[in-house]
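These notes concern the structure reproduced below.
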Amino acid sequence: LLLKFIRPGGVVMTLTMVQLRESGVDAEGIDQHFHLRASSDSKPVIGLESVDLQIGYLADMGEGNEDSFLQQTLAELEQSSEFMDQLIQAWRGGDLVQLERLIIEDMRRDFPAIYHSLLVQRNLNWMPQIQTMLNDGPVELVLVGAGHLVGPDGLLQQLKSQGYTVRQVSLPEV
């Protein structure tokens, strides 16, 4: 009866979080690390979008394509330990090609509507704010999920196409 009221995006997020926790991945992750650090350093923290908007995007995942969306998610969760190892290795190594392959390639091919709403449209919505940050006085840290950075619709490509110089640097482990 409860599943009748839970949307596919909610099911997927719940299953993913359970699987990540079982795999030993901290659900709070790097976002929480930098949020706590900014707070302790008395630095302002703002979001590129509201929490309500973010929840709306996630809740709408799979709408109109529920069965195949849930089936693919369940299949991916069976392989999640290996996937997470590859994802973490690519992220830590700054391997943008591998990140694109792991995060967005299947989504772009199999679920173009989800790809467009979760990544493309949000990236487009964020670009004016990011450009303002790049052009004003203080230095800001913009923290987004890795999937938002890579690929032809990623923020890095959008910045390059707007004339910004984008270079990759290695940071110390946090």
Once the piece of chain linking Ser117 and Leu53 is laid out straight, how much longer is it, given 0.36 nm per residue of separation minus the C-alpha distance between them? 21.9 nm
For the stretch 79-131: rounded, prolate or oblate by the Cα gyration tensor [a/c cutoff 1.5]: oblate
Accessible-area order for Ile55, Ile30, Ile104, largest to smallest, probe 1.4 angstrom, reads Ile55, Ile30, Ile104
Area of Leu99 that stays accessible when all protein chains are in place (1.4 Å probe, Å², to 10): 10 Å²
Round to the nearest 0.05 the FRET efficiency obtained for Glu78 and Ser39 when R0 = 45 Å and r is the Cβ-Cβ distance. 0.75
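The values are calculated or read from the model by the stated rules, or taken from the named source; none is laboratory data. Treat the numbers as computed from the prediction; the structure is a model and nothing was measured. Cβ sites come from the backbone with ideal geometry, for glycine too, and all protein chains shown count toward neighbours. Accessible surface areas use protein heavy atoms only, side chains included; no ligands, DNA or RNA. Shrake-Rupley method; radii C 1.70, N 1.55, O 1.52, S 1.80 Å.
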